[in-house]
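Engineer: The structure follows.
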Amino acid sequence: GIAEQNMVSIAAGLSSCGLIPFIFTFAPFAARRACDQIAVSLAYSMQKAIVVGTDPGVTAETNGGTHMAFEDISVLRAIPRLMIYDVVDANQLLQAIPQFLDYDGVVYVRVPRKLYPDVYDEGYIYKLGKADILKEGNDITIFTSGIMASVAKEALSILKEHDIDPELISLNTLKPLDGKTILDSVNKTNRAVVIENHSVIGGAYSAVAEFLSENRPTLLKAIGVKDEFGQTG
């Protein structure tokens, strides 16, 4: 039945016995319904678990607004000892899973269940917490996460037709951010845009804006959901 709060509580118990539980549900039910248990029973209690939230944002498609998690990152990002990882493709996830075991805390994983285009080839090497430069450029930095990396790659050819040379960076983890890669890029381009499968409130755009406002004020724009619920289809 509908028992996500129970699931997290059981995971906390398993963790306290020395196990590392992986728990799995739809993103809105992990982030919204079980938020208190994630915060108190796992993070505050110094337990360790991997919380997998599936079908985030528009990937819920026909399930409608109740199932479209446009706020899961913003809900969970403020919880201490919690990492947020937004899956780009299967090649990356395959390498990330063993690395979750070394993180001392809770890992929240946003993952689509449907097939999306691969961004990385078999020679790709992933390091948890590190952003990836998918394309180097000089005119503007495009920051993405999750499935939006493949969408942003499609936009590169359009920008090239307009003589715009963007740098494309997949953030991968929204908490913690790879601050060095962000700074190195905007120091070169002086402007940036964040593209995300999430509300523009509290997600990747907010995280990058918060970081840059303290470390390197930069012209920054957001492409994401504008403070609204999703719709069926």
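The values are calculated or read from the model by the stated rules, or taken from the named source; none is laboratory data. The shown structure was predicted, so the numbers you read here are calculated from the model rather than taken from an experiment. Because the Cβ atoms are built from the backbone with ideal geometry, glycine has one as well, and the counts that use them run over all protein chains shown. SASA here: full protein model, heavy atoms, side chains in, ligands and nucleic acids out. Shrake-Rupley method; radii C 1.70, N 1.55, O 1.52, S 1.80 Å.
Engineer: Of the candidates Val75, Val109, Val186, which one comes out as most mobile in a Gaussian network treatment of the chain with C-alpha springs shorter than 10 Å?
Structural biologist: Per the Cα network of the chain with a 10 Å cutoff, Val75 tops the list.
Engineer: Okay, next question. What residue among Ala90, Phe70, Ala149 has its Cα farthest toward the positive end of the dipole of the chain, where the charges are +1 on Lys, Arg and -1 on Asp, Glu, each on the Cβ?
Structural biologist: After comparing all options, I get Phe70.
Engineer: Report ³J(HN,Hα) in whole Hz for each residue of the stretch 164-175, in order, from the Karplus equation J = 6.51 cos²θ - 1.76 cosθ + 1.60 where θ = phi - 60°; Gly and Pro get x.
Structural biologist: 10, 10, x, 9, 10, 10, 8, 5, 6, 9, 8, 7
Engineer: Accessible area per residue for the chain in Å², computed with a 1.4 Å probe and the full protein assembly in place, what is it?
Structural biologist: On a per-residue basis, 47 Å².
Engineer: Next question, about the same structure. Roughly speaking, to the nearest percent, how much of the stretch 44-198's 1.4 Å accessible area is carbon and sulfur? If you can, show how the numbers build up before the last one.
Structural biologist: Details: 3790 of 6700 Å².
Answer for the stretch 44-198: carbon and sulfur cover 57 percent of the accessible area.
Engineer: A further question on this structure: Taking a probe of 1.4 angstrom, what is the accessible area of Asp227 in Å², to the nearest 10?
Structural biologist: Looks like 120 Å² after rounding.
Engineer: Let me ask something else about it. Quick one: ranking Lys135, Lys180, Lys153 by accessible area, 1.4 Å probe, largest first, what do you get?
Structural biologist: Lys180, Lys153, Lys135
Engineer: Keeping to pairs on different chains or 8 or more places apart, tell me how many lysine pairs in the stretch 65-218 have Cα atoms under 27 Å apart.
Structural biologist: 27
Engineer: Please find, in a Gaussian network model of the chain (springs between Cα atoms separated by less than 10 Å), the residue of Met46, Met68, Met83 whose mean-square fluctuation is greatest.
Structural biologist: Top of the fluctuation ranking is Met46.
Engineer: Just to be sure I understand: with springs between alpha-carbon atoms less than 10 Å apart, which residue in Leu156, Leu115, Leu101 has the highest mean-square fluctuation in the Gaussian network model of the chain?
Structural biologist: Leu115
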